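Okay, handing you the structure first.
The values are calculated or read from the model by the stated rules, or taken from the named source; none is laboratory data. Quick caveat: nothing in here was measured; it's all calculated off a predicted structure. Please note: Cβ atoms are built from the backbone with ideal geometry, for glycine as well, and neighbour counts cover all protein chains shown. Just the protein is used for accessible areas: all its heavy atoms, side chains included, with ligands, DNA and RNA removed. Shrake-Rupley method; radii C 1.70, N 1.55, O 1.52, S 1.80 Å.
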Amino acid sequence: MPLWLDLLRTPMAAPETRRLRRMRLAWQILCLFTAVGVSLIAPLRALLGQAAPCIAAALIALTLIQSVIYWVAKQRADTAILDLRETSE
C-alpha cells in the first residue's frame, strides 16, 4: 500500500473516537466524490445538463463544511489529550 494512502487511513495525534473516525471517513468520501465530480464534469453535464455544475458546487460546499467541522472536532480532541497528559505529569 502506498505511504500516502496509509497516512490518509491513519488518525494523527489523539486517540480516534468513533465519532472522529466517522467524521474523517465522511470527509475522505466527500473529497473523493468532489474530485470525481469535478474531473468528470463534462460527461456529467452531457448526462444531467445544468444540474451537473450545481451538484459539483454542492459537493464542494459540503466538503468545505465537513472539513471545518472535522478540523474543529479534531483540534478539540488533540487539545484535550494534551491537557490530560500535562495534568497527569
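Which ones in the stretch 64-89 are under 22 Å from Ile29 (Cα atoms) and touching a residue at least 40 places away in the same chain (Cβ under 8 Å)? Before you say what the answer is, go through the steps one by one.
So the first thing to find is which residues in the stretch 64-89 are under 22 Å from Ile29 (Cα atoms), and the list is 64-75, 77.
Once the filter is applied, which keeps residues that are under 22 Å from Ile29 (Cα atoms) and touching a residue at least 40 places away in the same chain (Cβ under 8 Å), the stretch 64-89 yields Gln66, Ser67, Ile69, Tyr70, Ala73, Lys74, Ala77.
Looking only at residues in the stretch 29-79 that are of a type in the set (Phe, Trp, Tyr) and open to solvent by 90 Å² or more (accessible area, probe 1.4 Å), which one is farthest from the chain's Cα centre (by Cα)?
Phe33
If you don't mind, there's one more thing I want to ask. With respect to Thr10, is the statement that it is loosely packed, with under 12 Cβ neighbours inside 10 Å, among the β-branched types (Val, Ile, Thr) and either in contact with a Cys (Cβ under 8 Å, 6 or more places away or on another chain) or modelled with pLDDT under 90 (or both) true?
The answer is yes for Thr10.
Could you please give the count of residues in the stretch 63-82 that are in contact with a Leu (Cβ under 6 Å, 6 or more places away or on another chain) and more than 13 Å from Leu20 (Cβ to Cβ)?
Adding up the residues that qualify gives 1.
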